[in-house]
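Engineer: The structure is given below, and queries will be raised subsequently.
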Amino acid sequence: MVKQWYQRRVRAAPNMLFTYMKDKTYTVYVEEKEAEKVVQTVMEFDPFTYEFCVVNHGPDTAKVVFRVFLAPDRYSVDFDDRRNDFIELDRFVEEIGGNEEKTVTRKSEDSSVIRPESITIEEIIAGNAGKTAPCGCGWPRNLLIPRGTNEGMSFQLYVLLTDWDQDAADSTSKNLTASVAYCGKQGKIYPDSKPMGFPFDRPGGYYENKGEKNEKFKKWEDIGAMVKDVKNSSFTEVIINFEKRSD
């Protein structure tokens with residue numbers, strides 16, 4: 001169960017995030033010409049930290065997969081339409097001891113959906129680039145969360161906990177580190193046996209009178225109904241504020 005999620009920021013209330021525009025300067029090298037400076041305005045966000053309070057009611061240590069999603073808070077009469085709003089923010093594995101209540105923290109910059117920092121020309125020239133270039137796959141780091149609005153836009157943050165011992169694709173899939181969620185791992189099978197986008201990759205609902213002749217599939221009306229049926233999940237409201245900053 002997830003009790004709360006919040007951003008560590010001195011002037012920020014719990015569950016409140018901030019985005020802004022920032023000028024970034026890049027050095028561009030053109031053949032047979034001097035290096036030039038180029039300024040690009042990009043969106044950034046203040047780093048934040050998740051806090052999940054989880055209880056393992058079993059006697060044995062469990063490897064738990066945290067599947068974290070975000071969607072704009074809007075009404076839809078069809079949950080099949082609504083589920084397509086959810087984007088994956090992170091997926092990671094954490095061990096929870098038997099009969100343990102544990103607060104799991106996770107920094108936004110550790111997300112497994114974002115790509116590693118790119119190697120710069122300066123690092124290559126200085127010989128600090130390393131022997132292997134990082135995988136360029138993954139979501140842009142500065143675009144992990146949507147921009148939001150000046151007034152503050154409401155979103156729903158959803159998290160589903162599943163058993164990694166059952167979800168791991170094979171015995172070599174020990175964890176979900178680096179930008180593995182969208183890309184997998186180079187030279188290896190995709191480590192997670194669950195489909196990409198799970199659990200929003202399929203119609204959401206439940207069966208009435210399951211196993212009987214008159215069983216019937218009924219769709220969930222909203223994310224709240226989903227959480228009510230899926231006990232190992234939870235959701236909360238998140239406000240994303242877009243700020244105009246002078247720096």
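The values are calculated or read from the model by the stated rules, or taken from the named source; none is laboratory data. Note that the coordinates shown come from a computational prediction; the quantities given were computed from them, not determined experimentally. Note that we place each Cβ from the backbone using ideal geometry, even for glycine, and neighbour counts take in every protein chain shown. Accessible surface is based on the protein model in full, side chains and every heavy atom, while ligands, DNA and RNA are left aside. Shrake-Rupley method; radii C 1.70, N 1.55, O 1.52, S 1.80 Å.
Engineer: Looking only at residues in the stretch 204-213 that are open to solvent by 30 Å² or more (accessible area, probe 1.4 Å) and in contact with a strand residue (DSSP E or B) (Cβ under 8 Å, 6 or more places away or on another chain), which one is nearest to CYS53 (Cα to Cα)?
Structural biologist: Once the filter is applied, the top-ranked residue is TYR206.
Engineer: Name the strands (runs of 3 or more DSSP E) wholly within the stretch 170-247 that hold at least 3 residues that are closer than 15 Å to PHE69 by Cβ and modelled with pLDDT of 90 or more?
Structural biologist: 233-243
Engineer: I'd like to verify a number: residues in the stretch 31-63 that are among the acidic types (Asp, Glu), under 19 Å from GLU243 (Cβ atoms) and in a loop (DSSP other than H, G, I, E, B), how many?
Structural biologist: So the count comes out to 1.
Engineer: Just one of (1) open to solvent by less than 70 Å² (accessible area, probe 1.4 Å); (2) in contact with a helix residue (DSSP H, G or I) (Cβ under 8 Å, 6 or more places away or on another chain); (3) in a strand (DSSP E or B) trips up LEU161, so point out which.
Structural biologist: Against the list (1) open to solvent by less than 70 Å² (accessible area, probe 1.4 Å); (2) in contact with a helix residue (DSSP H, G or I) (Cβ under 8 Å, 6 or more places away or on another chain); (3) in a strand (DSSP E or B), LEU161 comes up short only on (2).
Engineer: Looking at the stretch 164-203 only, could you name the residues that are surrounded by fewer than 19 Cβ atoms within 10 Å (Cβ to Cβ) and polar (S, T, N, Q)?
Structural biologist: Once the filter is applied, which keeps residues that are surrounded by fewer than 19 Cβ atoms within 10 Å (Cβ to Cβ) and polar (S, T, N, Q), the stretch 164-203 yields GLN166, SER171, THR172, ASN175, THR177, GLN186, SER193.
Engineer: Additional query: Looking at the structure I just gave you, is ASN15 modelled with pLDDT of 90 or more and open to solvent by 70 Å² or more (accessible area, probe 1.4 Å)?
Structural biologist: no
Engineer: So which residues in the stretch 87-103 are part of a loop (DSSP other than H, G, I, E, B) and either among the acidic types (Asp, Glu) or open to solvent by 80 Å² or more (accessible area, probe 1.4 Å) (or both), if there are any at all?
Structural biologist: ASN99, GLU100
Engineer: Take the residues in the stretch 37-72 that are surrounded by 15 or more Cβ atoms within 10 Å (Cβ to Cβ) and among the acidic types (Asp, Glu), then tell me which one is nearest to TRP220 (Cα to Cα).
Structural biologist: GLU51
Engineer: Condition check: among the β-branched types (Val, Ile, Thr), free of Cβ contacts under 8 Å to residues at least 40 places away in the same chain and outside any helix (DSSP H, G or I). Does ILE145 satisfy that?
Structural biologist: no
Engineer: Just give me the residues in the stretch 148-158 being open to solvent by less than 60 Å² (accessible area, probe 1.4 Å), assigned to a strand (DSSP E or B) and farther than 19 Å from ILE114 by Cα, in sequence order.
Structural biologist: Within the stretch 148-158, THR149, SER154, PHE155, GLN156 qualify.
Engineer: Residues in the stretch 64-86 that are out of contact with any Ser or Thr (no Cβ under 7 Å at 6 or more places or on another chain), of a type outside the set (Phe, Trp, Tyr) and not in a strand (DSSP E or B): how many?
Structural biologist: 9
Engineer: Let me ask something additional. Of all residues in the stretch 114-132, which are of a type outside the set (Asp, Glu) and in a loop (DSSP other than H, G, I, E, B)?
Structural biologist: Across the stretch 114-132, the qualifying residues are ARG115, PRO116, SER118, ILE119, THR120, GLY127, ASN128, ALA129, GLY130, LYS131, THR132.
Engineer: Moving to a separate point now. I'd like to know if the stretch 104-113 contains one or more residues that are part of a loop (DSSP other than H, G, I, E, B), open to solvent by less than 90 Å² (accessible area, probe 1.4 Å) and modelled with pLDDT under 90.
Structural biologist: no
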